[in-house]
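Everything below concerns the one structure shown next.
Nothing in this text is a laboratory measurement; each read-out follows from the coordinates by a stated rule. Note that this is a predicted model, so its numbers are computed, not measured. Ideal geometry is used to build each Cβ from the backbone, glycine not excepted, and the neighbour counts take in all protein chains shown.
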Amino acid sequence: MNVTTLTTLAQANFPEAMSQITLAHYLVISTAMFTIGLVGFLTRRNLIIMFLCTELMFQAAGIAMIAFGRYHLDLSGQSFVVFVLTVAAAEAAMALALVVLLFRRKESLSAEEWKDLQG
Amino acid sequence: MMQALNIFSSIAAHAVASEPAAGVAQAATRTITQGETWMLAIPFLPLLAFVLIALCAAFKVRSKLPAFITVGLLALSFGAALTTFIQHFMGPAAAPILHVHAFDWLHFKAGPEAAQGFVANFAFYIDSLTILWMLFVTGLATLIALYASEYMSHDVGPGYCRFFAAFSLFVFSMSCLVMADNLVLLFLGWEGVGLCSYLLIGYFYKKAPAVAAAKKAFIMNRIGDLGLLMGIFSIYTAFGTVEYAKIFEFFRSGVDATGNQIGSSTWITIIIPLLFTIGAFGKSAQVFLYTWLPDAMEGPTPVSALIHAATMVTAGVFLIARMMPLYQADPNLLILSIVAWSGAITALWSATIEMAIFDIKRVMGYSTISQLGFMFAGLGVLTPEGSAFHVFTHAFFKATLFLGVGAVMHGFGGQLDLRRLSGVGWMKGFGLVAAAVFIGSINLAGFPFTAGFFSKDMILAEAFARPEGQIAGSQAVAWILLITAGMTAYYTFRSFFRVYVGPKQFVPGDDAELVDLGRHPKGVSLDAWHKEHGHGHGHGHEHEHNDHAHRHGSYGGVGDARAHGRQDFDPSTEEFDPHPPGFAMKFAIAACAILTIAAAGLYFVSPAIGEGGGWAAGMVRQSSAVVSAEVLSGHTSGTDEGHAHGTFLGMDPHHVMYYVSAGVGFIGVLIAAFLHGPKGWQGLFLGVRQSCDVAPRADKLANAFGPLTTAARNKYYVDEIYDALITRPLWVLSHIFHLFDQYVVDGLVNLIGALPRFFGKALRPIQSGEMHGYAVGMAGGVAVLLILVVLLVG
């Protein structure tokens, strides 16, 4: 399947309105999500919230990747994201399990409780 | 092994072929034959003894076993030496050079050819000079080990093992030194005897003076050793070999390895012998390097007898005798003149000290230096025969004298001050000791028909007989030696008249070890004794301290003791019974004395080669030590007609010297009797001494000389001068270096070490444990990077 065919297919199935959306739009969304996640991570103390914020940043990166992939008409961006999502799912399961264990230790979800791990 | 032998046999063949027809001395002795393997027993049995005693120490043997091992194996070693002598070196046949190869030792290749490279085997070169030395080294070592088995018996246990281990190792090292077939093995032995000397001087390692003396001996010997080592290096650069046989071959052919004439090379004729001479001076305590030997008397007396009188200190004489071809290579014999002068001056210098000091063991120590001076002077005036014979006789009579001093020390709690001992010979159990000491003394003093008389005579006669101009100032050297011979007779009999004859009086020494072992039979403790007698608490050096403390007194410490009243100084025998020597000590002393007498007979054995001088001279003339006929007749100094024979006041010294030296010796003894002899026949009806501490005439004479006596009694302050000139400046310098090290070098190092510490301290607060802190850091870092990228790239 060559690039021209792919482009034709993509344009064929896309609604008309979507063709007005440019790369910049996607990147703005991505940047906004990343910033929300970063700010959330830096300001909140709740471990679960912080974890969610990291996921948010993750997905922001994913959106940027897909957007670039689309922009360059290259499938590797999308295929990367598929893998990243898989890994993120596994990582989320593990991170939540860790959060549960940490909670059992201190009866609290605050990240400050673990200050003494500074070494 | 076979290769080495081939080399030797080819040298031997060449040597025989190129043998010059002239010169009796050079003839017939150069064949090198292979010796029997059992001759290896001479050096290696003492080594075996060392190993066995080390095992004794490891298994904590607390008996006299180490002494038995030493005596037994040393006796076997002596037996091997004696057998070698009888089989190969007796009779009129030419003495061979035996070569015994133990194992390949150092082989370094420097090129494709066999001659290029460095070879030093653990192999032995046994010629008549070697065997002369080995006979008295192993023989005396056996006797003295027997003596020590009893002398050291207060220390049975680890100390006993230590003593005999070092003793055996010493004999092994000395054998290596004397028997080596190359200079490197000689150096190994040279350092080995130095090490054993150090270990044995410091035997009483809890006694500060002994430790200091050991260190001093070791360090002063290093100076000489440096000279020897550089000499060996130079020999190797000049000849490409360190093996005697090959070196002597070069000297016989007259050209060095590069084909240049040896006689015209200043390097070979002046510098190398000078370096060897410095080495010899260090080991044999001559000129500037003598001060370690008197201090070495801190060691146990058997050690002083064997190492610091009979054997080790003669290694310097051996070295020069062995390298005689090197010394003769100079047409002007400059270095031999230096050797002659150094020997004579050392002999005179130390003789003056002996006449003043009171410690009978140190008298013997200085006497050894003085007699070694005679030997060096003998070498210098071209009579290695006389020197070697004097080494031989001196070994026996000085060992006898030392063993006698040891018996007195052993018996009187370490007392060595001749003002605290009198009439020892008349005390129970000491008669034999006194008789042996008498025999030793007449030898040292040069009584007619004693061994010491003949050997000293050979040196004196040759010194006078040197033609004018051959050895620079040989007449003056001869006169100095003659005067010293008279002084020798005086100081020898000074000790004898003071200590061994006269009224029976003594003050026991303060040897704490004997007290600990309950050797004071009446149970008087040392402290109690001192309280009673009001003595100081010097340990072993009491008399020394007295000398300093009472320098203003009329005559040393005794004058003061008298001033305090008689009760202070009571030479009574009430509390202390002298402890007479037992069988082992008596046997060893008697054997040494008898051998001393027998050694005189050797002078009448007709020499195997040449004329006059007796057995020892014949042995020397068949070895590498021989002085070639050309050198002896003075033909090498350039003039064709031979020089006139030197004379003694117009008479032939070879005939008249017997009477002259006997007369000088007698005068010395008579002066000693006059000044120190007791009243009556024991002082030859000349003396007036009535107590052990006061010899009125000697005291008056010493006072008359005033500052001179004081100076001599303090050894002319040589130690103090060395201290001020060398030790102190070095000490100051080392402190300056220390400060530099502390503040500059260490400062730099510490500064470099401090930098990471400083940064660590500055940055440590960042590691707070606050997760958000890290996150901010990370985000900030990324932001900064982004800004940079945008600024730089975009």
Rounded to whole Hz and in sequence order, give me ³J(HN,Hα) for the stretch B:373-389 from the Karplus expression 6.51 cos²θ - 1.76 cosθ + 1.60, θ = phi - 60°, writing x for Gly and Pro. x, 4, 5, 5, 4, x, 4, x, 8, 6, 10, x, 4, x, 4, 5, 5
Going by how many other beta carbons lie within 10 Å of each one, how would you line up B:772, B:655, B:308, fewest first? B:655, B:772, B:308
Taking r as the C-beta separation of residue B:722 and residue B:108 and R0 as 35 Å, the FRET efficiency to the nearest 0.05 is 0.35
Cα-Cα over 24 Å, subset of B:60/B:283; B:206/B:586; B:361/B:586; B:456/B:586; B:398/B:700: B:60/B:283; B:206/B:586; B:456/B:586; B:398/B:700
Farthest positive-ward along chain B dipole, Cα basis, beta-carbon charges - from B:665, B:436, B:607: B:436
Based on alpha-carbon positions alone, could you give the equivalent ellipsoid semi-axes of the stretch A:23-110 from the gyration tensor, as √(5λ), descending, whole Å? 30, 16, 4
Let me have the relative contact order for chain B, percent, based on Cα pairs under 8 Å that are six or more residues apart. 13
I need the shape label for the stretch B:282-322. Rule: rounded when a/c is under 1.5, else prolate if a/b > b/c, else oblate, with a, b, c from the alpha carbon gyration tensor. oblate
Given a Förster distance of 35 Å, report the FRET efficiency between residue B:790 and residue A:107 from their Cβ-Cβ distance, rounded to the nearest 0.05. 0.15
Name the long-range amide H neighbours of residue B:627: under 5 Å, sequence gap of 5 or more, or other chain; modelled H, no Pro or chain starts. none
Approximate spin-label separation residue A:32-residue B:59, in nm, with each point projected 7 Å along Cα-to-Cβ: 9.8
Let's test the formula: R0 of 22 Å, r as the Cβ-Cβ distance of residue B:83 and residue B:598. What FRET efficiency results, to the nearest 0.05? 0.70
Here the residues of the stretch A:17-47 lying in the modelled label zone of residue A:75, meaning backbone nitrogen under 17 Å from a point 7 Å along Cα-to-Cβ, are none
Using alpha-carbon positions, what is the distance between the centroids of the stretch B:730-794 and the stretch B:135-172, in Å? 64
Would you pull out the residues with amide H under 5 Å of residue B:101's amide H, same chain only if 5 or more places away, H placed 1.01 Å from N? B:124
All-pairs alpha carbon distance profile, the stretch B:189-266, 10 Å steps from 0, percent: 17, 33, 20, 17, 11, 2
Sort B:38, B:426, B:190 by Cβ crowding within 10 Å, fewest neighbours at the top. B:38, B:426, B:190
Extending each Cα 7 Å along its Cβ direction at residue B:679 and residue A:39, get the distance between those two points in nm, one decimal. 12.8
Surrounding net charge for residue B:662, when Lys and Arg each add one and Asp and Glu each subtract one, Cβ distance under 13 Å: 0
Where Rh is the Kirkwood radius over Cα pairs, Rg/Rh for chain B: 1.09
In order over the stretch B:649-658: 3J(HN,Hα) from phi, Karplus 6.51/-1.76/1.60, θ = phi - 60°, whole Hz, x for each Gly or Pro, gives 6, x, 10, 6, x, 5, 8, 8, 5, 3
Size of electric dipole in the protein assembly as shown: Cβ of Lys, Arg +1 and of Asp, Glu -1, about Cα centre, debye, nearest 20: 1520
Rg and Dmax in Å for the protein assembly as shown, alpha carbons only: what are they? 43.4, 153
As I understand it, the dipole of the stretch A:23-110 uses +1 on the Cβ of Lys and Arg and -1 on the Cβ of Asp and Glu, about the Cα centre. Which of A:67, A:49, A:84 lies farthest toward its positive end? A:49
Given labels modelled 7 Å from the Cα in the Cβ direction, how far is it in nm from residue B:37 to residue B:739? 6.6
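For the stretch B:213-264, what does the relative contact order come out to in percent, with C-alpha contacts under 8 Å and a separation of six or more? Don't skip to the answer; put the middle values down first.
Working: 22 pairs, mean separation 10.5, N = 52.
Contact order relative to length: 20 percent.
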Starting from the eigenvalues of the Cα gyration tensor, five times each then square-rooted, give me the equivalent ellipsoid semi-axes of the stretch B:103-244, largest first, whole Å. 34, 18, 12
For the stretch B:620-629, what does the Karplus curve 6.51 cos²θ - 1.76 cosθ + 1.60, with θ = phi - 60°, yield as ³J(HN,Hα) per residue in whole Hz, taken in order and with x for Gly and Pro? 5, 5, 8, 10, 5, 7, 4, 8, 5, 4
Relative counts (whole %) of C-alpha pair distances in the stretch B:413-458, using bins that are 10 Å wide: 25, 39, 26, 10
From DSSP H assignment alone, runs of 4+ in the protein assembly as shown each adding -39500 (n - 2.57), the sum over residues rounded to the nearest 500 puts [θ] at 222 nm at -20500 deg cm²/dmol
Sorted by Cβ density within 10 Å, fewest first, the residues B:611, B:36: B:611, B:36
To the nearest µm²/s, what D does Stokes-Einstein give for the stretch B:654-728 at 10 °C and 1.306 mPa s, using the Kirkwood radius over alpha carbon pairs as Rh? 106
Taking H as built 1.01 Å from N, whose amide H comes closer than 5 Å to the amide H of residue B:106, not counting residues under 5 places away? B:120, B:121, B:122
Using Cα pairs under 8 angstrom and six or more residues apart, how large is the relative contact order of the stretch A:23-110, in percent? 29
Segment residue B:783-residue B:670, extension gain: residue separation times 0.36 nm, minus the distance between their alpha carbons: 29.6 nm
Do me a favour and compute the ellipsoid semi-axes for the stretch B:718-793 from its Cα gyration tensor, root of five times each eigenvalue, largest one first, whole Å. 60, 16, 5
